[in-house]
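Undergrad: Following this message is one structure expressed as structure tokens.
The values are calculated or read from the model by the stated rules, or taken from the named source; none is laboratory data. The shown structure was predicted, so the numbers you read here are calculated from the model rather than taken from an experiment. Quick reminder, even Gly has a Cβ in these numbers, built from the backbone with ideal geometry, and neighbours come from all protein chains shown.
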Amino acid sequence: MSKPRLGGLICHALFIPPWIFCTILPTVASALILTSEVAAVEHRLPHPAAVALALQVGLAFLAYQLPSAGQACAALSTAVTYGLSTTTGDKRATLGAAIWSFMHTINFGTTFPYVPAFTRWIFRLDMRSYYAACELRGALDSMGRSKTLYMFHPHGIVTVGFSTNGVWSEEFNRRTYPADGTPAGAGEPGWRGTVFLIAKALRVPSVFFKVICEVSGRLESATRENICAYMAQGRNLAIIPGGFEDATLYCRGKHRTAMKARKGIIKYALQHGYALQPVYTFGENRTYSAFPGLLKLRLWINSFQVPAVAFFGDWRCPLFPRLDSECYSYVGAPLQLPAVAQPTAEQVSEWHDAYLAALTKLFDASKAEVGEPDANLEIW
């Protein structure tokens with residue numbers, strides 16, 4: 001096995017830790033506030049640290065629902081918590097509040113501009129070079145440049161196919177950029193190419209990952225409002241419809257995707273007359289090893305938008321995918337949907353079934369080429 005190029009390692013070091021450790025800052029902040037409760041008890045005060053923690057949670061929820069109030073929430077949380085903590089002389093609550101304020105300011109009070117040079121730099125590093133093989137294959141000449149929704153399967157653990165052969169693939173971005181515009185990475189003031197949609201819970205409150213999303217100009221939250229707004233503009237979109245449930249279902253060596261109940265995205269595509277193009281990544285299911293047991297319990301936990309999965313990647317750095325991974329993302333032929341302003345449940349189900357058939361056809365037509373002629377696709 002050849003050693004990975006430095007560029008591939010840099011890309012993974014830049015993207016994976018902010019995604020996996022996005023909960024560390026709020027955990028530390030909460031712990032600092034909670035530990036200052038000791039001082040409140042010693043001084044026989046009405047638990048100011050507990051009040052401070054409740055305040056932080058309330059302000060965080062308000063800022064999450066009303067991003068425009070982010071800076072105000074940050075300032076208020078700092079001021080009130082500082083006042084509470086000074087009554088005990090314990091500065092831990094103040095430090096916790098300062099961390100919360102920093103997160104509020106970055107997540108909800110600041111918008112970072114699109115920086116084309118950042119994406120050009122990532123393209124030059126070549127994220128694919130980390131893997132033994134990582135390619136975009138299939139019906140590449142049929143890839144649409146407008147009104148196309150690319151559906152990536154499966155999610156895997158860290159979305160190798162979606163990230164490496166989609167978001168940070170110069171080839172994918174060039175093939176799907178508007179035909180009358182400047183291709184990917186040029187110095188246009190705003191990104192007009194494919195918008196890659198990710199979970200709001202991942203993009204918005206994760207501080208450093210949020211910065212990466214905004215300077216790249218192409219990573220947005222997969223909310224109904226965003227999807228419909230971009231579709232109304234005719235923009236190309238890419239999404240992992242299986243989402244966190246795909247990650248929870250992950251089992252090394254098995255081909256699984258959660259798509260049976262994913263009809264909402266089909267409804268939006270019908271309303272705007274979009275073409276659906278399935279993209280299946282072979283090898284995504286071998287990038288990590290994961291704990292396979294207690295699946296029903298983990299799926300229940302997943303219903304709270306928490307990917308319930310314990311995983312282990314390369315032995316040299318378990319957070320990173322295995323270095324010997326070979327990932328091939330196959331693009332299927334587009335499935336053109338009619339424009340139906342108010343689709344019925346029957347129409348949505350009909351086109352949902354048609355999409356599942358197209359995905360299965362892509363899988364079956366490609367599996368022999370990657371050396372898995374007997375593989376089966378499990379659609380959950």
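Undergrad: When you scan the stretch 260-285, how many residues do you find that are in contact with a Pro (Cβ under 9 Å, 6 or more places away or on another chain) and among the hydroxyl-bearing types (Ser, Thr, Tyr)?
TA: Number of matching residues: 2.
Undergrad: Show the residue pairs meeting these rules: Cβ distance below 8 Å; 6+ apart or different chains; first residue within the stretch 282-310 and β-branched (Val, Ile, Thr); second residue modelled with pLDDT under 85.
TA: Cβ pairs passing all conditions: 301/308.
Undergrad: Another question, then. Of all residues in the stretch 289-315, count the ones that are part of a loop (DSSP other than H, G, I, E, B) and among the aliphatic types (A, V, I, L, M).
TA: Applying the first criterion (part of a loop (DSSP other than H, G, I, E, B)) to the stretch 289-315 yields 291-294, 303-310, 313, 315.
Still in the list and also among the aliphatic types (A, V, I, L, M): 294, 306, 308-310.
Residues meeting the conditions: 5.
Undergrad: Next up: Would you be able to tell me the number of residues in the stretch 270-305 that are in contact with a helix residue (DSSP H, G or I) (Cβ under 8 Å, 6 or more places away or on another chain) and not hydrophobic (A, V, I, L, M, F, W, C)?
TA: 13
Undergrad: A further question on this structure: Pick from the stretch 276-320 the residues that are aromatic (Phe, Trp, Tyr) and more than 21 Å from the chain's Cα centre (by Cα): which of them is surrounded by the most Cβ atoms within 10 Å (Cβ to Cβ)?
TA: Result: 291.
Undergrad: As an exercise: evaluate residue 273 against (1) closer than 30 Å to residue 339 by Cα; (2) crowded, with 18+ Cβ neighbours inside 10 Å; (3) not acidic (Asp, Glu) and give the number of the one condition it does not meet.
TA: (2)
Undergrad: Looking at 53, 32, 62, 25 in this structure, which one is closer than 11 Å to residue 97 by Cβ and modelled with pLDDT of 75 or more?
TA: 32
Undergrad: So if I check each of 355, 330, 288, which one is more than 21 Å from residue 172 (Cβ to Cβ), at pLDDT 95 or above, in contact with a Pro (Cβ under 9 Å, 6 or more places away or on another chain) and not polar (S, T, N, Q)?
TA: So the residue among 355, 330, 288 that is more than 21 Å from residue 172 (Cβ to Cβ), at pLDDT 95 or above, in contact with a Pro (Cβ under 9 Å, 6 or more places away or on another chain) and not polar (S, T, N, Q) is 288.
Undergrad: Mind checking which residues of the stretch 344-367 are surrounded by fewer than 19 Cβ atoms within 10 Å (Cβ to Cβ) and either among the polar types (S, T, N, Q) or not assigned by TED's automatic domain parsing to the domain that holds residue 329 (or both)?
TA: Scanning the stretch 344-367 gives 344, 347, 349, 360.
Undergrad: If we scan the stretch 124-135, do we find a residue that is in the same structural domain as residue 271 (by TED's automatic domain parsing), out of contact with any Phe, Trp or Tyr (no Cβ under 8 Å at 6 or more places or on another chain) and surrounded by fewer than 16 Cβ atoms within 10 Å (Cβ to Cβ)?
TA: Yes, some residue in the stretch 124-135 is in the same structural domain as residue 271 (by TED's automatic domain parsing), out of contact with any Phe, Trp or Tyr (no Cβ under 8 Å at 6 or more places or on another chain) and surrounded by fewer than 16 Cβ atoms within 10 Å (Cβ to Cβ).
Undergrad: Anything in the stretch 236-249 that is on the phi < 0 side of the Ramachandran plot and within 16 Å of the chain's Cα centre (by Cα)? List them, or say none.
TA: 237, 238, 239, 240, 241, 242, 244, 245, 246, 247, 248
Undergrad: With respect to residue 110, determine if the residue is among the β-branched types (Val, Ile, Thr) and within 26 Å of residue 242 (Cα to Cα).
TA: No, not satisfied.
Undergrad: Among the numbered conditions (1) out of contact with any helix residue (DSSP H, G or I) (no Cβ under 7 Å at 6 or more places or on another chain); (2) surrounded by 13 or more Cβ atoms within 10 Å (Cβ to Cβ); (3) among the hydrophobic types (A, V, I, L, M, F, W, C); (4) not in a helix (DSSP H, G or I), tell me where residue 340 comes up short.
TA: Failed condition: (1).
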